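Undergrad: A single structure is presented below for examination.
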Amino acid sequence: MIPSAFDYHAPTSLDEALTLLAQGGDDAKILAGGQSLIPVMRLRLAGPELLIDLGRIDGLRGIEDDGDAVRIGAMTPHHDIASSALLGEHAALLCAAARTVADPQVRHRGTFGGALVHADPAGDMPAPALVLGAEFVIAGAGGIRTVSATDFFEGLFTTAVGEDEILTHVRIPKHTGWGARYEKFTRVAQQWSIVAVAATVRAEGSAIAEARVGLTNMGSVPIRAESVEAALAGCALEEAAIARACASAAEGTDPPTDTNGDADYRRHLATVLATRAVLSAAGG
Amino acid sequence: MTVTEIGSPRRRKEDQRLITGRTRYTDNIVLPGMLHLAMVRSPFAHATITAIDTHDATSSPGVVAVLTGRDVADEQGSLPCAWPITPDQKAPPHPAIAVDHVAFAGEVVACVIARSAAEARDAIELIDIDYDELPVVLDLEEALTDATLAHPDLGTNKSATWVFDSAEAGTGDDVAQVLAASELVLERTYLQQRLIPAFMEPRSTVVDPTGEQITMWSATQVPHLLRLMLALTLSIPEGKVRVVAPDVGGGFGGKLQVTPEEVITMLAARRTGKPCKYTETRSESLMAAHHGRGQVQRLKLGATREGIVTGLSVDLLADMGAYLGLVTPGVPILGAFMYNSIYKFAAYRFSCTNLFTNKAWTDAYRGAGRPEATFAIERLMDDLAHELDMDPVELRRKNWIKHEEFPFSTIACLEYDSGNYEAATDRALELFGYDDLCAERDRRRAAGDRVQLGIGVSTFTEMCGLAPSRVLGALSYAAGGWEHAQVRVLPTGAVEVVTGVSGHGQGHETAWSQIVADRLGVPFDSIEVLHGDTQTSQKGLDTYGSRSLVVGGMAVVAAADKVIEKARTVAAHLLEASTDDIEFAEGRFSVRGTDQGLALGEIAFATFSAHNLPDGFEPSLDSDATFDPENFSFPHGTHLAAMEVDTETGEVTLRKYVCVDDIGNVINPMIVDGQVHGGLVQGIAQALFEEAVHDESGTLVSGSFVDYLVPSAADLPSFTTDRTVTPSTTNALGVKGVGEAGTIASTPAIVNGVLDAIRHLGVQDIAMPCSPHRVWKALQDGASKGLGAEEPVPDRVAPEQDAGPMNSSGNLPTGDFQ
Ligand SMILES: Cc1cc2nc3c(=O)[nH]c(=O)nc-3n(C[C@H](O)[C@H](O)[C@H](O)COP(=O)(O)OP(=O)(O)OC[C@H]3O[C@@H](n4cnc5c(N)ncnc54)[C@H](O)[C@@H]3O)c2cc1C
């Protein structure tokens, strides 16, 4: 498990990192927590000649109140997200999802930004970011641009972040008081999602006022179950009604087939898990 | 002998170094000028090699040499198989480096020797190999037809067929007649999926060719067998080879092997004249270290309507994989003696056909043959109980050997020395709360709960302590089954125990110290246990088959007893008494009826100085003993599992697990608990999680721990383990064996529990591992047949092998990293 030889730089400013990235071209890669990149390098599925480690750049790590949103630095590790009181109050879904990622070691090294840019269809952070309407702040040679959640995830392992760009922050609009549940289905504790459903719900009285429902590993990108969300608006807080609203969760999805299950099974799981996630998010 | 150590739950003295890694694992060994190896492995499951271009690799930085099969064809010989089960057994030659034909994906086709591990790894990318792909045979039923051959030169996929027939052996009736006359015959086909031993420490070998002897350090279970086989395979005089198994991180049978990598490292060291090291990656370990299980079991069980089993016929197809390893052909045969398990049958027939396929070769894996047998009979017993609407425990009670019937000669020709199935079962039922859980299951079934409860029952016995040498001889195994030990008393009174077994995590150093401490009356801490080096422990047959204590421990006892007798002679001389008047207790020799005496340490010093010894007395207390068991030992137990099945998702959860094992006397209960817990996890893993999956081209899909699901503590509840004690009567310690027990009984208990939860929903069988997907599919199929419909049992449920394009779901991502 020895990767091919590479150069390593740990710049202390974003500008320096962008310059190195531009100079390195195709052969350069950003290193965040290394929890996805290093394994594929060790398996020689990737062989970058230059790694640019973002770990020494100030200001890329941390969770801050930013008015109507919470601003999360790309280098914030999963553990900090899982245990953030600020996020617990305003974006509980992110905390819930981060708690299901891997194990404590990986959660202390792997980063929010890395997980989003890596965009593994079975990764647990993209679907919550999508349904919470995250805004992605991306730095490049031409300056800073912001990309909306709907435009960010482009395909299998590809996002709007260009080869010569760096994701610096993510703004998560506040969903204060919304209940949340990340329902992750796996066979063993430390496993990527076979299917997962991210649900966050604002309840009013005995009904659901608004709901956001996202699907993990039901296609090459995270999917927002819009028909479910529409059906849930005004839905009574009661299992049968919620199950009816969630029946369309798998519509229009294109889930994979592998050793853990075929596409049909995943479609079935998506509806079952959606019902459970919404019920739990709504406090049921 | 005063018993203070035996039975005490001592913490293992070896654990600190093993757990911290501050020890000599093979990969920690660094020698001056050492070279490093990396292997090129075939990406194809079946192909001829048409050309190999090593030019670029040879000139790559740091590379010393590149070896191909052709380069070593004259010296590499063929890897050994020590167990020809029939005189006409067929086997292809097994070169360490393939010469012109590869028969599984992962087979070594070239080896780079370089100054650093990184340079070796870099250079293997530069080797260009042309292959002509050949058709692959992967499935056992298909292999049986010989339509596609794993080894075209062999002309058949059939290696051998081995039969045991109770009518022929004179132990019982003719099974065909008995089944024809039975009121009821159950016909079933069960599948034993392929498993990967997945030991914690990947295999590693270092060879130092400098000096008079070539020394090999290897992460092996079998240093003695390895030394012998290296000498035979490579025609090196045995005395010129020393093999050391330093600390070894687990094996589970997976390191009971003479591997291509060991032979290649030896060849590389001899060629270069330099120390060489090879350490496999985890991917290589999963792909190319031998696999386990892999059987189709076709079974017929006859019974009366009252639930008395009349006879059993077993027809096996066993997957050898591409080659025969050290004991590959014998693994299913070890099961032949265990299908009758704890029961009394009138007739029994076992037939096994060993088949080649284009997959990694199989060999021993924890339990080796016995888990498969136990699975079959225990599944059949539950199926029969269901068929007869009888309590599964009651059905077993009706058929098992009663404790007053021991010793008992079984239909499979074994003599069970002792056992008490009633006691173990009663205790297990009580600890489990069997009646309450059955009542809860019935309530939930009646209410149609989303999560159903099932109760899984399994009993087992196994033959442990491999093995009486004459029995191995009768089974055509090449070696014996004895074990050797030496006990040395140093001038300071400290004791060295040399053992021929080769522990690799079992805790021998602790257990052997406890035995000797009691036997010789010396403190636990002044005993040192030495093993795993053919220069220190010159004789031995190593560790596998739950044999270490039952055979090796007995050799230690015999050697210690000889020390006592020698010391008694010296004591009598020094104390001026007759040896008959010398008593030995708690480490002291004293003259009967007086307060005169000498401690063992004092006698040891007197023997060392040798100034005043009896005439003709050889000045040494050190003693050797070789112990050949008269019989196997037969641990047994009853295991119960409460399984919850989520009928919406197919998710299976183990809620409660109780096992009561009878392993005879216990030397160290903490070590025993460790063995049982670990064994249970491995058996449960076969039932629920683990499977070596190949795609249709023969590539291993479950080639990393992302897809080969080894459960962790987070996936399982705490187990309730207890014991009954029926000492073995075939050895002086009264011990049986415990290394494999948990693995053997747990697999059927779990599957029986899953089926019990959902049988009423029309599910008759689920192939292992019972993944949520398979359980869900079985429920769908059951529902489409109509709930609870009494459908004929499907002849065979094929394991799903979705070979769709591997995407990122749990698999290693590639998309972003071209
Ligand atoms: C054993 C194990 C189990 C895991 N289980 C799970 C799981 O259950 N669920 C889950 O979601 N994840 C899981 N992961 C993955 C983990 O969440 C990773 O941390 C994450 O996917 C990548 O984050 P990272 O910081 O490690 O990124 P890296 O590995 O450092 O980088 C990943 C990719 O993103 C790029 N990149 C990273 N940061 C930036 C940035 N700021 N700007 C531009 N490009 C960037 C890199 O160049 C690289 O291509 C697991 C990982 C391991 C090792």
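The values are calculated or read from the model by the stated rules, or taken from the named source; none is laboratory data. Predicted model, so just to flag it, every value in this text is computed and none were measured. Neighbour counts run over all protein chains shown; Cβ positions are idealised from the backbone, glycine included.
Undergrad: Give the residues of segment B:756-771 that are over 23 Å from B:GLU462 (Cβ atoms) and among the aliphatic types (A, V, I, L, M), sorted by residue number.
TA: Those that are over 23 Å from B:GLU462 (Cβ atoms) and among the aliphatic types (A, V, I, L, M): B:ALA757, B:ILE758, B:LEU761, B:VAL763, B:ILE766, B:ALA767.
Undergrad: If you take the residues in segment A:176-219 that are farther than 22 Å from A:HIS268 by Cα and among the hydroxyl-bearing types (Ser, Thr, Tyr), which one is modelled with the highest pLDDT?
TA: Going through the qualifying residues, I end up with A:THR176.
Undergrad: Would you point out which residue out of A:GLY59, A:GLY24 is on the phi > 0 side of the Ramachandran plot, away from chain B (no Cβ under 14 Å) and within 14 Å of the ligand (Cβ to nearest atom)? Reasoning before the result, please.
TA: Numbers: A:GLY24 fails: on the phi > 0 side of the Ramachandran plot.
Only one candidate passes the filter, namely A:GLY59.
Undergrad: Within segment B:62-83, identify whether any single residue is of a type in the set (Phe, Trp, Tyr), in contact with a strand residue (DSSP E or B) (Cβ under 7 Å, 6 or more places away or on another chain) and on the phi < 0 side of the Ramachandran plot, and answer yes or no. Step through it out loud before you land on a result.
TA: Pass one, segment B:62-83, residues of a type in the set (Phe, Trp, Tyr): B:83.
So of that shortlist, the ones also in contact with a strand residue (DSSP E or B) (Cβ under 7 Å, 6 or more places away or on another chain) come out as none.
Checking segment B:62-83: not a single residue is of a type in the set (Phe, Trp, Tyr), in contact with a strand residue (DSSP E or B) (Cβ under 7 Å, 6 or more places away or on another chain) and on the phi < 0 side of the Ramachandran plot.
Undergrad: Oh, and also: What is the one condition in (1) out of contact with any Leu (no Cβ under 8 Å at 6 or more places or on another chain); (2) more than 30 Å from A:ALA240 (Cβ to Cβ); (3) among the charged types (D, E, K, R); (4) in contact (Cβ under 8 Å) with a residue 40 or more places away in the chain that B:ARG450 does not satisfy?
TA: Condition not satisfied by B:ARG450: (2).
Undergrad: In contact with a Pro (Cβ under 8 Å, 6 or more places away or on another chain) and either assigned to a loop (DSSP other than H, G, I, E, B) or of a type in the set (Val, Ile, Thr) (or both) - does that describe any residue in segment B:378-385?
TA: Checking segment B:378-385: not a single residue is in contact with a Pro (Cβ under 8 Å, 6 or more places away or on another chain) and either assigned to a loop (DSSP other than H, G, I, E, B) or of a type in the set (Val, Ile, Thr) (or both).
Undergrad: So A:LEU86 ticks every box in (1) near the ligand (Cβ under 7 Å from one of its atoms); (2) more than 11 Å from the chain's Cα centre (by Cα); (3) not basic (Lys, Arg) but one. Which box is left unticked?
TA: (1)
Undergrad: Among the residues of segment A:156-176, which ones are more than 11 Å from the ligand (Cβ to nearest atom) and either in a loop (DSSP other than H, G, I, E, B) or of a type in the set (Val, Ile, Thr) (or both)? Quick ask: steps written out before the conclusion?
TA: In the first step, residues of segment A:156-176 are kept if they are more than 11 Å from the ligand (Cβ to nearest atom); the result is A:156, A:171-176.
Within segment A:156-176, A:LEU156, A:ILE172, A:LYS174, A:HIS175, A:THR176 qualify.
Undergrad: Also: Given the criteria in contact with a helix residue (DSSP H, G or I) (Cβ under 7 Å, 6 or more places away or on another chain), within 10 Å of the ligand (Cβ to nearest atom) and modelled with pLDDT of 95 or more, does A:ALA10 qualify?
TA: Numbers: in contact with a helix residue (DSSP H, G or I) (Cβ under 7 Å, 6 or more places away or on another chain): yes; within 10 Å of the ligand (Cβ to nearest atom): no; modelled with pLDDT of 95 or more: yes.
So A:ALA10 does not fit the description; no.
Undergrad: I'm told B:GLY521 meets every condition in (1) at positive phi; (2) free of Cβ contacts under 8 Å to residues at least 60 places away in the same chain except one. Can you identify the failing condition by its number?
TA: Going through the list (1) at positive phi; (2) free of Cβ contacts under 8 Å to residues at least 60 places away in the same chain, B:GLY521 breaks only (2).
Undergrad: Just checking, which of A:ALA98, A:ALA129, A:ALA115, A:ALA141 is under 21 Å from A:ILE63 (Cα atoms) and more than 9 Å from the ligand (Cβ to nearest atom)?
TA: Numbers: A:ALA98 fails: more than 9 Å from the ligand (Cβ to nearest atom); A:ALA115 fails: more than 9 Å from the ligand (Cβ to nearest atom); A:ALA141 fails: under 21 Å from A:ILE63 (Cα atoms).
From the options A:ALA98, A:ALA129, A:ALA115, A:ALA141, the qualifying one is A:ALA129.
Undergrad: Could you please find all residues in segment B:691-715 being closer than 24 Å to A:ASP103 by Cβ, more than 14 Å from the ligand (Cβ to nearest atom) and more than 8 Å from chain A (Cβ to nearest Cβ)?
TA: Of everything in segment B:691-715, those that are closer than 24 Å to A:ASP103 by Cβ, more than 14 Å from the ligand (Cβ to nearest atom) and more than 8 Å from chain A (Cβ to nearest Cβ) turn out to be B:GLY703, B:ALA713.
Undergrad: Still on this structure: I want to confirm something. Restricting to segment B:61-77 and keeping residues that are exposed (fewer than 15 other Cβ atoms within 10 Å of the Cβ) and out of contact with any helix residue (DSSP H, G or I) (no Cβ under 7 Å at 6 or more places or on another chain), which single residue is farthest from B:ALA120 (Cα to Cα)?
TA: Checking each candidate, the answer is B:ASP74.
Undergrad: Do any helices (runs of 4 or more DSSP H) entirely within segment B:1-79 hold 2 or more residues that are at pLDDT below 95 and not assigned by TED's automatic domain parsing to the domain that holds B:PHE104, and if so, which? Quick ask: steps written out before the conclusion?
TA: Details: elements: B:15-20, B:55-58, B:69-72.
Answer list for segment B:1-79: B:15-20.
Undergrad: I've got another one for you. For segment B:402-518, which helices (runs of 4 or more DSSP H) that fit wholly inside it have 1 or more residues that are modelled with pLDDT of 95 or more and within 30 Å of B:LEU779 (Cα to Cα)? Reasoning before the result, please.
TA: Numbers: elements: B:421-432, B:434-447, B:469-474.
Correct list: B:421-432, B:434-447.
Undergrad: Please state which one of A:ARG42, A:ARG71 is surrounded by fewer than 20 Cβ atoms within 10 Å (Cβ to Cβ) and either within 14 Å of chain B (Cβ to nearest Cβ) or within 12 Å of the ligand (Cβ to nearest atom) (or both). Steps first, answer last, please.
TA: Values: A:ARG71 fails: either within 14 Å of chain B (Cβ to nearest Cβ) or within 12 Å of the ligand (Cβ to nearest atom) (or both).
From the options A:ARG42, A:ARG71, the qualifying one is A:ARG42.
Undergrad: Identify, from the list B:THR86, B:THR26, the residue that is surrounded by fewer than 16 Cβ atoms within 10 Å (Cβ to Cβ) and not small (Gly, Ala, Ser). So that I can check it myself, show each step before the final result.
TA: On the way: B:THR26 fails: surrounded by fewer than 16 Cβ atoms within 10 Å (Cβ to Cβ).
The match here is B:THR86.
Undergrad: Collect the residues in segment A:177-193 that are within 11 Å of the ligand (Cβ to nearest atom), more than 17 Å from B:SER712 (Cβ to Cβ) and not small (Gly, Ala, Ser), keeping them in residue-number order.
TA: Residue satisfying the conditions is A:TYR182 alone.
Undergrad: Looking at (1) more than 14 Å from chain B (Cβ to nearest Cβ); (2) near the ligand (Cβ under 10 Å from one of its atoms), which is the only condition A:VAL106 fails?
TA: Here A:VAL106 clears every test but (1).
Undergrad: Then there is this: So which of A:LEU18, A:LEU51 is within 13 Å of the ligand (Cβ to nearest atom), over 25 Å from A:HIS108 (Cβ atoms) and hydrophobic (A, V, I, L, M, F, W, C)?
TA: On the way: A:LEU51 fails: over 25 Å from A:HIS108 (Cβ atoms).
From the options A:LEU18, A:LEU51, the qualifying one is A:LEU18.
Undergrad: Counting residues that are among the basic types (Lys, Arg) and farther than 21 Å from B:MET320 by Cα, which helices (runs of 4 or more DSSP H) fully inside segment B:130-243 reach at least 1? Explain how you work it out, then say what you get.
TA: Details: elements: B:140-145, B:166-169, B:175-181, B:223-234.
The qualifying helices (runs of 4 or more DSSP H) are B:223-234.
Undergrad: Would you check which residues across segment B:409-429 are in contact with a Phe, Trp or Tyr (Cβ under 6 Å, 6 or more places away or on another chain) and free of Cβ contacts under 8 Å to residues at least 12 places away in the same chain and list them?
TA: Within segment B:409-429, no residue meets the criteria.
Undergrad: Now, a different point. Please go through segment B:634-688 and pick out each residue that is acidic (Asp, Glu), within 14 Å of chain A (Cβ to nearest Cβ) and touching a helix residue (DSSP H, G or I) at 6+ places or on another chain (Cβ under 6 Å). Let's see the steps before the verdict.
TA: Taking segment B:634-688 first, the residues acidic (Asp, Glu) are B:644, B:646, B:648, B:651, B:661-662, B:673.
With within 14 Å of chain A (Cβ to nearest Cβ) added as a condition, the list becomes B:646, B:648, B:651.
Within segment B:634-688, B:GLU648, B:GLU651 qualify.
Undergrad: Okay, moving on. Mind listing whichever residues of segment B:615-632 are over 16 Å from B:ILE564 (Cβ atoms) and in contact (Cβ under 8 Å) with a residue 12 or more places away in the chain?
TA: Listed by number, the residues that qualify are B:PRO619, B:THR626, B:PHE627, B:ASP628, B:PRO629, B:GLU630, B:ASN631, B:PHE632.
Undergrad: Is at least one residue of segment A:234-245 in contact with a Leu (Cβ under 9 Å, 6 or more places away or on another chain), part of a helix (DSSP H, G or I), more than 9 Å from every other protein chain (Cβ to nearest Cβ) and of a type in the set (Asp, Glu)?
TA: yes
Undergrad: Here's something else I'd like to know. Return the residues of segment A:54-68 that are of a type in the set (D, E, K, R) and crowded, with 17+ Cβ neighbours inside 10 Å; say none if nothing qualifies. Spell out how you get there, then give the answer.
TA: Pass one, segment A:54-68, residues of a type in the set (D, E, K, R): A:56, A:58, A:61, A:64-66, A:68.
A:ARG61, the sole residue that qualifies.
Undergrad: Let me ask something else. Please specify each residue of segment A:94-133 satisfying the condition of being within 25 Å of A:ASP254 (Cα to Cα) and of a type in the set (D, E, K, R).
TA: Scanning segment A:94-133 gives A:ASP120, A:ASP124.
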